[in-house]
Each structure stands twice: as structure tokens, then as C-alpha cells.
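Right, one structure below, let's go through it.
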Amino acid sequence: MRLLYINPNSTAAMTDGIVAAARAAAPALDILGWTNHDGPAAIQGPADGAAAVSGILALLPKAHVAGADAIIIACFDDTGLAEVRAAAHCPVLGIGEAAFHMAALLGHRFSVVTTLQVSVPVIKDNIAAYGFQPICGAVRASGLGVLEVEAASATTLARLVDELQAAEREDGVTAAVLGCSGMAPLTKALQRATTLMLIDGVAAAASLAPALASFHARAKRG
């Protein structure tokens, strides 16, 4: 089973962190990670997302040749998900979508802790479109930029912990979804600071995408 994570932004260090987190979550799988070098350095709001889509789509012929059984869009905004899903040869899953489904399947009411306020409307729209609004407590902006999260300083970790603990106190939830792919490598450190179940979309996709790929393959065989 070969999973391809496509990072919609052009920051290769983030791709490396995404791949490491995915491989830790699913060590038996063949996991590839590609960077959209034609995208912005970070996806922060709808304008950045729109600017990334053409570069992601340009990678799809190569993904077919590489034999990807499933493609994961490794941006929490699920950047270009509909367009990529319509054009790809295989199932496509967004890490935001995967995280919300995982929370629901595990029976949790959840809040999202994300980066900047500009990303909140995109995430809220996705939650509503996917049908998860009834089990979402809040979408919380930490005020941290995507690349600040990726750098993972002590100050960044402390700010994320503060927001997680606020969600635990105030939102009436049992889980928190980490709303940025750059948070994936931080999951273990953050989990130590909260009793909420933390759900990272990179790891959630590593669990859900193989099931989609297997079902898709069986359906094609008839």
C-alpha cells in the first residue's frame, strides 16, 4: 500500500515533518511525501489556498506513474480537495477531513486548534460542508503562523498548550483536532499537557486512506 502525501505549500521542511509523522503512525505502509514547489510558503487563508491548487494538480500525472494507492492533501484547509479528487486516478483524502471523520468515528465532540484567524472561516466552512458542525465545539485560532508552528519553539508549544487547555475548560469537548499539518510532529508533546484526545489529521489519514484504497480497488475489480 503506497500513500502519497502532497504538501500544498512550498516549504520542504514541513513535508519532511509530515512524512515522518505519517510513517510513525503507519510504519508498515510505503509513504511518500511531495512538496508543491509552485505553491506559497504557507497556506494561510483562502487566497493562499487558491494559489496552491494548480501546482497540486500538476503533480497528479506523476502520482499515477508512482503508483500511489491514495493521495492525502496535507494541509488542514483541505486545499484543492474537490479539484484533486475529481482529477486523480485513486482516492483522495484531506487531513482536515480525515481528522473530523476520526473524531466522529471515535464518538468525540471536538474543538479545533489552528493557526491564524484568517484560517478559521475556511475550517468552519469545511466542517459545515462535511456535516460535522453538530459535534464541533469551537474553532480556535492560536495566533501563530504556519511557519511558526513548524519551527516548534518553546513559546509556540506553550501557546498551543494554552489554547488546548482553554478548549478543555470551556468548549464541552472530549477531543481536540490539531488544525495544521505542522502540528503533527508536536502531537506527543502536546498530548502530555491535556486530557483531551488529540487527533492529528496526518496520522488519521494514514489510518483511513488504506481502507479507502482497498475498497476502491475491490470496487474496480467488481
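Would a scan of the stretch 68-79 turn up a residue that is surrounded by fewer than 20 Cβ atoms within 10 Å (Cβ to Cβ) and either in contact with a His (Cβ under 9 Å, 6 or more places away or on another chain) or without any contact (Cβ under 8 Å) to a residue 24 or more places away in the chain (or both)?
no
For the stretch 205-215, check the following and say yes or no: at least one residue is within 26 Å of residue 46 (Cβ to Cβ), buried (at least 18 other Cβ atoms within 10 Å of the Cβ) and touching a Phe, Trp or Tyr at 6+ places or on another chain (Cβ under 6 Å).
Among the residues of the stretch 205-215, not one is within 26 Å of residue 46 (Cβ to Cβ), buried (at least 18 other Cβ atoms within 10 Å of the Cβ) and touching a Phe, Trp or Tyr at 6+ places or on another chain (Cβ under 6 Å), which makes the answer no.
For residue 220, only one of the following conditions fails: (1) without any contact (Cβ under 8 Å) to a residue 12 or more places away in the chain; (2) part of a strand (DSSP E or B). What is its number?
With (1) without any contact (Cβ under 8 Å) to a residue 12 or more places away in the chain; (2) part of a strand (DSSP E or B) applied to residue 220, the lone miss is (2).
Given the conditions (1) in contact with a strand residue (DSSP E or B) (Cβ under 7 Å, 6 or more places away or on another chain); (2) closer than 15 Å to residue 95 by Cβ, report the number of the one that residue 1 does not fulfil.
The number of the failed condition is (2).
Is it the case that the stretch 117-124 has a residue that's in a loop (DSSP other than H, G, I, E, B), hydrophobic (A, V, I, L, M, F, W, C), under 22 Å from residue 15 (Cβ atoms) and under 15 Å from the mean Cα position of the chain (by Cα)?
Taking every residue of the stretch 117-124 in turn, none turns out to be in a loop (DSSP other than H, G, I, E, B), hydrophobic (A, V, I, L, M, F, W, C), under 22 Å from residue 15 (Cβ atoms) and under 15 Å from the mean Cα position of the chain (by Cα).
Given the stretch 1-104, what helices (runs of 4 or more DSSP H) lie entirely inside it while holding 1 or more residues that are more than 25 Å from residue 148 (Cβ to Cβ) and among the charged types (D, E, K, R)?
60-65, 81-87
Each reported figure results from applying straightforward, stated rules to the coordinates on display, with no laboratory input. The structure presented is a predicted model; accordingly, all values stated were derived computationally and were not measured. Reconstructed Cβ throughout: ideal geometry from the backbone, glycine too, with neighbour counts over all protein chains shown.
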